[in-house]
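To keep things clear, I will list the structure first and then write my remarks on it.
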Amino acid sequence: MKTRKMTKINAFIITAAGNSTRMGTGDKKEYRLLNKKPVIFFSIEAALKTNLFSVIAVSLPHADLSEWQEKIMSKYADSNCCFVFVSGGKTRQESVKNALIGIENHAPDFVLIHDGARPWVTPELIESVLKKTSATGACVPIIPSVDAVKRILDDGKVIEHLSKYEYVSAQTPQGFSYPLIKKAHLEYVNSDRLFFDDAEMVAAMGKDVFFVKGDARNRKITFGWDL
């Protein structure tokens, strides 16, 4: 694919610090093999293929940090990217915050935040998100809802039938102006509010979030059968 010359400093964050409890027994999903290659490698390679990032940050469980830093660097040491490795927190939100702080010395203009458990992300989608982010300051890839959408209560009752044409599913990578997303994470670091993704956190600050067309192939590995 053709890529544009990099005129801004762009960073790509990969979150891989979760405990993968829904995967069942065995290795974390980001460490499992897909076509004989660790799942996390796919996201790294997709970002590298764009030639649009000067820094790639990876959040990992503290206990695995040294081992996987060595594995990743032995594989991609010859790349033109600077790699940053940070210990993840108890939540995804904390892990992203740690990564944002970990790259602040690189002074990026824009940052894309991606779930390491989405190995089927393409360089084309990454570039699309970054282009829209550069123009708007906040962008997410979205795909239409293919199933009927309902709102439910814990007692088992369906209480609202929503139009699937008005609701979409958000994917990653989600892109932001670095100062904006860093400010959002620091502002809500001690908040009791649960944010489902980084875009919701930015919106809570009163900032507009824009979208590009996502990719149905860009699935997230959640259960063992997803592999």
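The values are calculated or read from the model by the stated rules, or taken from the named source; none is laboratory data. Owing to the predicted nature of the structure, the values given are computational and were not obtained by experimental measurement. Here the Cβ positions follow ideal geometry from the backbone for every residue, glycine too, while neighbour counts run over all protein chains shown.
Things to note:
- Considering each residue of segment 158-172 in turn, at least one proves to be in a loop (DSSP other than H, G, I, E, B), at pLDDT 95 or above, surrounded by 13 or more Cβ atoms within 10 Å (Cβ to Cβ) and under 14 Å from the mean Cα position of the chain (by Cα).
- Filter pass, Ser59 being part of a helix (DSSP H, G or I) and either within 14 Å of Ile221 (Cα to Cα) or at pLDDT 95 or above (or both): no
- Meets criteria (more than 16 Å from the chain's Cα centre (by Cα) and either part of a helix (DSSP H, G or I) or in contact (Cβ under 8 Å) with a residue 40 or more places away in the chain (or both)) for Pro179: yes
- Lys29 buried (at least 23 other Cβ atoms within 10 Å of the Cβ), under 27 Å from Trp225 (Cα atoms) and either modelled with pLDDT under 95 or more than 18 Å from the chain's Cα centre (by Cα) (or both): yes
- Number of the condition not met by Ile142 [criteria: (1) aliphatic (A, V, I, L, M); (2) in contact (Cβ under 8 Å) with a residue 24 or more places away in the chain; (3) in a loop (DSSP other than H, G, I, E, B)]: (3)
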